[in-house]
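J.: Below you'll find the structure I mean.
Only the coordinates and a few stated rules stand behind these numbers; no lab work does. A quick note: this is a predicted structure, and the numbers were derived from the prediction, not measured. Positions of Cβ are generated from backbone atoms using ideal geometry, with glycine treated the same way; all protein chains shown enter the neighbour counts.
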Amino acid sequence: AGMVPAPRPAPPVPGAGPEVETPARRRGLRGRLPRPVWTVGRLLILALLVEYLVVPQLAGPRKVAHLLTEVNPLLLLAGLALEAAALLSYGCLTRVVLPGGDRIRFFTIFRIEMTTLSVSHCAPGGSATGTALGYRLLTQFGGEPGDAGFALGVQGIGSAVVLNVILWLALIVSIPVWGFSAVYLLAAAVGAVLLLASVALVYGLTRGSDRIGGLLERLGARAPFIDAAGLRRAFEQLASRLSELSGRRDVLRRALVWAVLNWLFDAASLWVFVGAFGHWVNPDGLLVAYGLANVLAAIPLTPGGLGVVEAALTTLLVGFGSARGVATLGVIVYRLVQFWLPIPLGGLAYLSLQVDRQGSVHLRQHWRAWRWHVPLLHRALVHRARREVSGPPGPSH
């Protein structure tokens, strides 16, 4: 009582100061998406526009238009089929190295791989983020945590080793024919580092598991929020799984076959896409260019080697005799199928996985709710059947 009400604030004058962002202004797409998703999406759209609108102009607009009119559509379909075969081979590799992989349907594993690939091509963390999502999905659909981590680790290490072996074999054949280049030395150095890291990891898991496990436990005890004993148990479990795999020669042979087919189908897809524009690269030169580009893409500069693979492939294919316009268009179409197409397909695969998971969860919930009614229903049906057989009750009843 007796207090004077505070004056109402004056309405903001347009142009007098910064406008406050109201909820009405955040109703658009930007307001509904998280900030990292919005930022990554804009960067991907910018990269897509640059790659497919700006880069082809470097080869000459008239030459590009002429090559587009001369392209063979059947070869484009063949390249698409080869890329699909590469993705299926990678899914078969995952199923082979996953202990108890027969418990999970291949279609489910393939959708998990497509989701992992999509996230690896979008997220700033690249393959690390995609691997984390793949681990979570494998455990959600029936895989044991230790088995899922082991399968993803063996898959990544094995694929890197196979790629470097293919590259070095191609270099042995190609250097006497095409000569030596400084790019070969850089890629060979990166591949050697990856191979040495893989060999050291495998040796630590198979030969020195006790010492490394004790070291991890001591380091984990000094770090906060880490279960040191659990970390050692996880490492020892991974080492035991790898020792079991080394004793199963049939599994190793199948994993090696699927890893080789994955890389060769992918390289064949690039070969066919370049050939669709009128020039067939020599197989040794194509494997050298393909291996060098993918080894350089292992350096975590951009997600999925975006920009690195395109520049390396175009430059190397031109060095191996392709015209710049043919190499540019062939690489652009190849990356459209190999890099960009799995992004929306992986999103659809993730949505289908969530639908399957929610459906199974609801089914289990309904079963828990209704399973206690099944015996009561059975007894009621038996009682009704007996009454129908014995007839209506008489006076003695």
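J.: In region 91-172, which trypsin sites (Lys or Arg not before Pro) fall in coil by DSSP and have 16 or fewer other Cβ atoms within 10 Å? Walk me through the numbers on the way to the answer.
T.: Numbers: sites: Arg95, Arg103, Arg105, Arg111, Arg136; in loops: Arg105.
For trypsin sites (Lys or Arg not before Pro) across region 91-172 that sit outside H, G, I, E and B with at most 16 neighbouring Cβ atoms in 10 Å, the list reads Arg105.
J.: Right, something else. Computed FRET efficiency, Cβ-Cβ of Ile299 and Ile45, R0 25 Å: what is it to the nearest 0.05? Show your work: numbers first, answer last.
T.: Details: r = 24 Å, r/R0 = 0.96.
So the FRET efficiency works out to roughly 0.55.
J.: Run the simple label-point estimate for Leu76 and Arg324 please: 7 Å along Cα→C-beta, distance reported in nm.
T.: 2.4
J.: Loop-only chymotrypsin sites (Phe, Trp or Tyr not before Pro) in region 242-303, please: DSSP not H, G, I, E or B, and at most 14 other Cβ atoms within 10 Å. Can you show the working numbers first?
T.: Working: sites: Trp258, Trp263, Phe265, Trp271, Phe273, Phe277, Trp280, Tyr290; in loops: Phe277, Trp280.
Within region 242-303, the qualifying chymotrypsin sites (Phe, Trp or Tyr not before Pro) (loop, at most 14 other Cβ atoms within 10 Å) are Trp280.
J.: Tell me the label-point distance for the pair Arg222, Leu252, using the 7 Å Cα-to-Cβ offset, in nm and rounded to one decimal.
T.: For Arg222 paired with Leu252, the spin-label model returns 3.6 nm.
J.: Also, I was wondering about something else. Along the Cα→Cβ direction, 7 angstrom out, place labels at Gln354 and Trp280. What is the inter-label distance in nm?
T.: For the pair Gln354/Trp280, the computed spacing is 4.7 nm.
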